[in-house]
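I have placed the structure first, in the form of structure tokens, so that the comments after it can refer back to it.
The values are calculated or read from the model by the stated rules, or taken from the named source; none is laboratory data. Model, not experiment: these values are computed from the prediction. Glycine gets a Cβ as well: all are built from the backbone with ideal geometry, and neighbour counts include every protein chain shown.
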Amino acid sequence: MSRSLRVANGGSIRRTRLLSFSFNGTLYSGFEGDTLASALLANNVRTVHRSFKYHRPRGVVGSGAEEPNSIVQVGSGSKATPNLRATQIELYDGLTARSVSGWPSLRVDLYALNGLLGRLLPAGFYYKTFMRPRFLWSWYEHFIRKAAGLGQAPREADLDHYDKLNIHCDVLIVGGGPTGLMAARAAGRAGARVIMADEQAEMGGSLLSSTASIGGKKPGDWVETVVSELTRMPEVILLPRSTVTGYYDHNFLVINERRTDHLERPDPRLRRERIWRVRASQVVLATGAIERPLVFSNNDKPGVMLASAVSTYLVRYGVLPGRKIVFFTNNDSAYQTVLQLVDAGMEVVAVVDVRSDPQGDLIQQVRSAGVPIFEGHVVVDVRGGTSGLRMVLIARVNKTLDEILSHKGELRCDVLAVSGGWNPVVHLHAQSGGKPVFNEECASFLPGPSVQNERSAGAGNGTFGLADCLREGAEAGRRAAQDAGLTGDGSVDIPKVESHVEGSLHPIWVVPNGLAEGRGGKKFVDLQNDTTVADIRLAAREGYRSVEHLKRYTALGFGTDQGKLGNINGMAILADVLGQAPGKIGTTTFRPNYTPVTFGAIAGREIGSTFFDPTRKTAVHQWHVENGAEFEDVGQWKRPWYYPLPGETMNEAVRRECLATRESLGILDASTLGKIEIRGPDSAEFLNRIYTNSWLTLEIGRCRYGLMLGEDGMVMDDGVTSRIGEDHYLMTTTTGGAAHVLAWMERWLQTEWPHLRVYLTSVTDHWFVTSVAGPNSREILTKLCTDIDFSADAFPFMSVRAGTVAGIPARVYRISFSGELAYEINVSANYGRSLWQAIMTAGQSLNITPYGTEAMHVLRAEKGYIIVGQDTDGSVTPGDLGMDWIVSNGKDCIGKRSLSRQDTRRENRKQLVGLTTVDPTLVLPEGAQLLNEPAKEFPAPMVGHVTSSYFSPSLRHSIALALVKGGRSREGSMVYAQLIDGRVIPATIGQPKFFDPENQRQKV
Amino acid sequence: MLEINCPWCGPRDQIEFSCGGEAHIVRPLEPENLSDDDWADYLFYRKNPEGRHHEQWCHTAGCRKWFNAIRNTVTYQFETVYRIGEDLPEKTSR
Ligand SMILES: [Zn+2]
């Protein structure tokens, strides 16, 4: 099929480096310096894509980020990357790419049938047809997505590495074209720390496809001179292949740098992409402009391209996209490309200009070159197929460009180069908070007043002449450096360039075709989403008058190209239908990212299961591992859950651990409880305000259980706090609540009670804590510790003593969470394992049994001790728990006033009760909903739910704690747990205490 | 991401901070003497201005100090920051 469209010489490709690549399974060749798009064009590949909705054949339209059609998937396996623009893919040897749609092939597309059914697929078709009934959507979606074919994410894990950098700079310059280069030069000379990022492989921007001399040099040579000056400046960073994808608050910008995708065999040590997170004092937006297409019948056919793209392919890549080219324009810039073609000895069939009397230097030059110019004409339709255009049909148009006066006939050609003017790239300005304003002269939006420390310059600011861009760039760079506080001399000479007198542009949003509205070939506005003029007009008629609604209804600008080509035309067409000026309608919101960013880059190194939450392990963790513990995550901590013996099930292990503790001796690693040192003369007063009970009378060496509430009166945390010395307390908190409690108490101290002399320090990790529980705990402690008197009188329940356990300095607390006689031994964390092993050895004869969190839960539930966060959920007061006794009457504390609010005084609040199932072997599921009677129909009124539930080995029946409406007054009555599998389990309400209700065992 | 000027440490990224909501809410000295309505006003009701907002922030991943700030809820610009207990800068008095 392919005659090569490569011209004999010219372009900045390296013709000595021949590369082979495959596209949709066919092998082609190109040169180093090509993009995939330029290489495909050189190989005369016209159709690269099938469109989203109608599956029409589409060819390459643009030459950069704006490209809507040539969307491809590159590579395979873990390297596969979907939805890339062929215009931005640098060619390398062995590259494989395929189009992301067009099944089974681009030439024969079954879905092109959709095109025949076109009239049945108007704007909002998907909403109207598929959204109801709702449950069928997922069924439809499968087929719609398959037909749309937007690439496939790889299934394999990504083997590449990605990085993130944080950096500050004085001046960030976005865009390395003539404007950006001058800005960088000026800012750099002034001594600024400069970052200049450009999305292309090399700096130069529009100069890369320019033939006009600059400062007496060829454009490429001039770029090289500037780049080499910048490279020598130590504070200037040049980032090619780097897209500034987002502009956020306070001059925070994100750059996506692609480092290896253009390489055939990248060094595996290289990071594939990097995200630069930049905080810039000043930003210069030299983002350039994107040419605007013209909207006419069948304007989507392969062979219709932007005039600027034709120029780029010729000058930069040495590819002539066609042999017979017709131009269609409403402004002077396309004439520059005509002249480039003429200079290169190529045939230009004609220029069709909508203006009846275009004036300008370039037009004169084209005329003298002998190229016919059809003034006051338009292209009304084009003919062609998958292999390119055959002809365009032209007609005379009236002066207001809305009526065809006479049909003129056809022009034979294979490419139609169009130019409807230029849209400044205002995306980043808009992201920064600026409001783009409509400018009549260029019939597009220009940056509005700056909101952040940014300034636009060059084509991105609506300044199109090269001389003006150079001057504006230099000025922007100089002033940005100044505003960033640099005092160096940022002056630069402005190189001389040839300038032309240009005629003005005549906007035309929809080209008439002489037929009634809706007749003739479709006029496409957004090529990626197949949004047509008819769709926009229909949407407006149906009441979608806001441009944001229009976008969502017609999908205008919704593609991966974000409407870089189509949006301005679309908004102007809507304005026209509504009879408003285009500027009135405004733009849709410009959101990050400017072009798509891979998930790899976004994630960076923050991958895997452990990154976001650090894993915390106790000092004895390795012993637990060596002894077969199963672990459970509690907050960030790994806690032993239970210690199964070989062949033992979880239930069997938990039963053994519970019974051993009740009958003789158990040992628990309790290090994870939060521990906060409280020091200072006002500590007792502080505790008095934080906890509900009174703390002014606690003696040194004694401990007290405390409950803390939020100011809303709801239980927030609990724990035992002990008085170590005169002005010295140690608070314990729940494992999960430790950080929050510390931060919360700090806030009260800093913001509300700064006069209290109290100092808080987290010491959770400093201590290793083990609880030794069971009737034999006193015996083993006496064996291991000789300097503390463990007799009941000398060392009563709820007190603390300092001494030496197994030769290790320790604090020993006599407290109990199991209801047994128990001691908690605290030693410096470094001694944890020696202490643990000493206890294990000493306890052998007493059948000492390590127990995990599951047995701990069973033991405490048998006693009815709550766990905050399990038996409470942020809506539970002390009264709901039956703990009114712990709220002191004689003083205020955080949350106390809320306990007498109307809602917290309510009789029928959910209250903590105990449940015993009628069938003692059935264990209720935690979270089960409770009903007063088995449900006859659903929904049924619910009266509560199960918060904790276990089988009690000591009592040999199941036990549960539950919150039940008015539960305390319902002792002895029945509730029914309605399970999701349909079973109903009856249970009897009782006291939330099952074992040793008189609390005798812990006090012996 | 905002850049926030901690009055103790200087400008740092927002990721180091947490916002505590409206500033200058004083805990009543004698809550038990308040009506339910007055207590609810202290407990629940917060300003939601479009524009200048007095806020408490904490430099959580830094010096852990709480401080006050005046931030514009529309532009996200910080007008000023000041330490707890410091008077409001005069021009910005409430
Ligand atoms: Zn700080």
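Selection within region B:1-10: residues that are part of a strand (DSSP E or B) and near the ligand (Cβ under 10 Å from one of its atoms). The member of this set that is nearest to the other protein chains (Cβ to nearest Cβ) is B:ILE4.
Would you confirm, using the coordinates I've provided, whether A:GLY385 is surrounded by fewer than 19 Cβ atoms within 10 Å (Cβ to Cβ), of a type outside the set (A, V, I, L, M, F, W, C) and touching a helix residue (DSSP H, G or I) at 6+ places or on another chain (Cβ under 9 Å)?
On the way: surrounded by fewer than 19 Cβ atoms within 10 Å (Cβ to Cβ): yes; of a type outside the set (A, V, I, L, M, F, W, C): yes; touching a helix residue (DSSP H, G or I) at 6+ places or on another chain (Cβ under 9 Å): no.
Answer is no for this residue.
For the residues B:GLY85, B:GLY51, B:GLY21, the requirement of being at positive phi, more than 10 Å from the ligand (Cβ to nearest atom), exposed (fewer than 14 other Cβ atoms within 10 Å of the Cβ) and facing chain A (nearest Cβ under 8 Å) singles out B:GLY85.
Just to verify a result, which residue in region B:24-48, among those that are more than 11 Å from chain A (Cβ to nearest Cβ) and under 23 Å from B:TYR76 (Cβ atoms), is farthest from the ligand (Cβ to nearest atom)? It would help to see each step written out before you state the result.
So the first thing to find is which residues in region B:24-48 are more than 11 Å from chain A (Cβ to nearest Cβ), and the list is B:41, B:45-48.
Filter once more, so that each one left must be under 23 Å from B:TYR76 (Cβ atoms): B:46-48.
Numbers: B:ARG46: 25, B:LYS47: 25, B:ASN48: 27 Å.
It comes out as B:ASN48.
Of the residues making up region A:975-1004, those that are surrounded by 15 or more Cβ atoms within 10 Å (Cβ to Cβ) and aliphatic (A, V, I, L, M) are A:VAL975, A:ALA977, A:ILE985, A:ALA987, A:ILE989. Say we look at region B:68-82 and pick out the residues that are crowded, with 16+ Cβ neighbours inside 10 Å and within 16 Å of the ligand (Cβ to nearest atom); which of these is nearest to A:THR904 (Cα to Cα)? So the residue we want is B:ASN68.
Among the residues of region A:565-587, those that are among the polar types (S, T, N, Q) and within 20 Å of A:GLU67 (Cβ to Cβ) comprise A:ASN567, A:ASN569.
The strands (runs of 3 or more DSSP E) falling completely within region A:315-412 that include 2 or more residues that are modelled with pLDDT of 95 or more and under 48 Å from the mean Cα position of the chain (by Cα) map to A:325-329, A:348-353, A:377-385, A:388-397.
Residues are listed down the side, and each one gets a yes or a no for (1) modelled with pLDDT of 90 or more; (2) among the basic types (Lys, Arg); (3) within 23 Å of the chain's Cα centre (by Cα):
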position	(1), (2), (3)
A:LEU527	yes, no, no
A:ASP535	yes, no, no
A:ALA540	yes, no, no
A:GLU548	yes, no, yes
A:LEU565	yes, no, no
A:ASN569	yes, no, no
A:LYS584	no, yes, no
A:PRO592	yes, no, yes
A:PRO596	yes, no, yes
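Looking only at region A:275-319, residues that are basic (Lys, Arg) and within 14 Å of chain B (Cβ to nearest Cβ) come to 2 in all.
Scan region A:240-251 for residues that are buried (at least 20 other Cβ atoms within 10 Å of the Cβ) and more than 14 Å from chain B (Cβ to nearest Cβ) and the total you get is 5.
Restricting attention to region A:157-215 and to residues that are charged (D, E, K, R) and part of a loop (DSSP other than H, G, I, E, B), the residue that is farthest from A:GLY64 (Cα to Cα) turns out to be A:ARG193. Pairs are defined by a Cβ separation below 6 Å, a sequence spacing of at least 6 or placement on different chains, a first member in region A:252-274 that is within 14 Å of chain B (Cβ to nearest Cβ), and a second member that is at pLDDT below 95; the pairs so defined are A:PHE252/B:MET1. Of the strands (runs of 3 or more DSSP E) lying entirely inside region A:676-782, the ones with 1 or more residues being among the aromatic types (Phe, Trp, Tyr) are found at A:703-709, A:728-733, A:759-762, A:767-773. For region A:38-53, a tally of residues being at pLDDT below 90 and of a type in the set (S, T, N, Q) returns 1.
Filter region A:739-754 down to residues that are closer than 18 Å to B:GLN56 by Cβ and more than 10 Å from chain B (Cβ to nearest Cβ) and give me whichever is surrounded by the fewest Cβ atoms within 10 Å (Cβ to Cβ). Can you show your working first?
If we filter region A:739-754 for residues that are closer than 18 Å to B:GLN56 by Cβ, which is where we start, we get A:740, A:742-754.
With more than 10 Å from chain B (Cβ to nearest Cβ) added as a condition, the list becomes A:740, A:744-745.
On the way: A:HIS740: 14, A:TRP744: 17, A:MET745: 22.
Among those residues, the one meeting the criterion is A:HIS740.
Against the conditions (1) within 12 Å of chain A (Cβ to nearest Cβ); (2) away from the ligand (no atom under 16 Å from the Cβ); (3) among the charged types (D, E, K, R), B:LYS65 satisfies every one except (2).
Would it be correct to say that B:CYS58 is more than 30 Å from A:ARG901 (Cβ to Cβ) and either more than 8 Å from every other protein chain (Cβ to nearest Cβ) or under 12 Å from the mean Cα position of the chain (by Cα) (or both)? Even if it seems obvious, please write down each step before you answer.
On the way: more than 30 Å from A:ARG901 (Cβ to Cβ): no; either more than 8 Å from every other protein chain (Cβ to nearest Cβ) or under 12 Å from the mean Cα position of the chain (by Cα) (or both): yes.
No; evaluated as a whole, the condition is false for this residue.
Only residues that are free of Cβ contacts under 8 Å to residues at least 24 places away in the same chain and not basic (Lys, Arg) were counted in region A:502-522, giving 4. Is it fair to say A:GLY927 is at pLDDT 95 or above, of a type in the set (Gly, Ala, Ser), in a loop (DSSP other than H, G, I, E, B) and farther than 28 Å from A:SER954 by Cα? The answer is no for A:GLY927.
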